[in-house]
Amino acid sequence: MATDIHSTAIIASGAVIGADVKIGPYCVVGADVKLGDGVQLISHVVVDGRTSIGAGTVIYPFASIGQRPQDLKYHGELSTLEIGSGNQIREYVTMNPGTEGGGMVTRVGNNGLFMVGAHVAHDCNIGNNVILVNNVTLGGHVTIGDYAVLGGLSAVHQFVRIGAHAMIGGMSGVESDVIPYGVVKGERAHLAGLNIIGLERRGFTREDIKTLRSAYRMVFAPEGTMSERLEEVKGLYQEHALVGDLIEFIRSRESRALCLPHQEE
């Protein structure tokens, strides 16, 4: 289809509009915005700031994309918001650009689903195929790995990392890093095991899952220190990529503590 811009839409001079873009009624597109080929703004969408949106992304009514970060330390620096291709950004979603204190860029990967009312704050780094269910709130500087799923009404503290293929239960408050492949839940979220269902759905083999479960039990066993347990697991499973991801994630933590199982688990 040819590019289709509704007569009521306002497109600022300087905006870059790709081929086959559809901009519906009452949308507003700022001067520094770049819309890739096949992007659709359904209606009443505002895209502003130094924002780029990848090919085939669809944005639904009343989403606010690229507006000034909600950070009192922001003083108008020319930061950016980079959104990948093939995303679905539903009604009332908000995404903010980066700040000087976080590298000047917020990044959203490809093929994500951002459901009604989700918020991606300044300086977040979101992987591919991520799902934020209704009203998920991310604080600034949050990192989310590929294929992670965040349940409705969950909130993630600033600087938290959520590993690839992790699952966050609905209404969870996540204050600590979440390991790849893990499941966390609770008003103050605790680690509740591995995301077995998600791993099976994504085609991980039964043997991979079995090995990962064994490594998980060893890493979070009560005996010894975390450092000692990681060394033992690394020695036993040094050829296993998934276990390697788990160990590397834990060892590379910086700002936040690690989300751990309850003692009784």
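What follows draws every value from the coordinates through simple rules; no lab data is involved. Keep in mind that what you see is a predicted model, and the values were worked out from it rather than measured. Every residue, glycine among them, receives a Cβ derived from its backbone with ideal geometry; neighbour counts consider all protein chains shown.
For the chain, a simple Cβ point-charge model (Lys and Arg +1, Asp and Glu -1, everything else neutral) yields a dipole of about 300 debye relative to the Cα centre.
If the elastic network links every pair of Cα atoms under 10 Å, which of G103, G24, G86 fluctuates the most in the Gaussian network model of the chain? Checking each option, the largest mean-square fluctuation is seen for G103. When the charge dipole of the range 1-123 is built from unit charges on Cβ atoms (+1 for Lys and Arg, -1 for Asp and Glu) and taken about the Cα centre, the candidate among H119, L35, S7 whose Cα reaches farthest toward its positive end is H119. Just need the relative contact order of the chain here, percent rounded to a whole number, with Cα pairs under 8 Å and 6+ apart. Across the chain, relative contact order equals 9 percent. Exposure proxy shown here: for T99, T106, T3, the number of other Cβ atoms within 10 Å sets the order, fewest to most, as T3, T99, T106. Given R0 = 30 Å, the distance between the Cβ atoms of L258 and R206 translates into a calculated FRET efficiency of 0.65.
With a Förster radius of 45 Å applied to the C-beta separation of E239 and L78, the computed FRET efficiency comes to 0.45.
Length gained on full extension, A221 to I197: 6.4 nm, using 0.36 nm per residue less the C-alpha separation. The residues T143, T225, when put in order of fewest to most other Cβ atoms within 10 Å, stand as T225, T143.
Projected label points at R213 and Y26, each 7 Å from Cα along the beta carbon direction, are separated by 5.2 nanometres. Of the residues H75, T51, T94, the one whose Cα sits farthest toward the positive end of the charge dipole of the range 4-141, with +1 on the Cβ of Lys and Arg and -1 on the Cβ of Asp and Glu, is T94. Between the range 11-33 and the range 108-148, the alpha-carbon centres lie 23 Å apart.
Among V233, V184, a tally of other beta-carbon atoms within 10 Å of each Cβ gives an order, fewest to most, of V233, V184.
For the chain, DSSP calls about 5 percent of its internal beta bridges antiparallel. On the basis of the beta-carbon distance and an R0 of 25 Å, V16 and M104 show a calculated FRET efficiency of 0.80. Entry note, the chain: the mean residue ellipticity at 222 nm calculated from DSSP H runs of n ≥ 4, each adding -39500 (n - 2.57), is -4500 deg cm²/dmol after division by the residues and rounding to the nearest 500.
In the set [x] 20.2, 71; [y] 20.1, 68; [z] 18.2, 58, the label that goes with Rg and Dmax of the Cα atoms in Å computed for this structure is [y].
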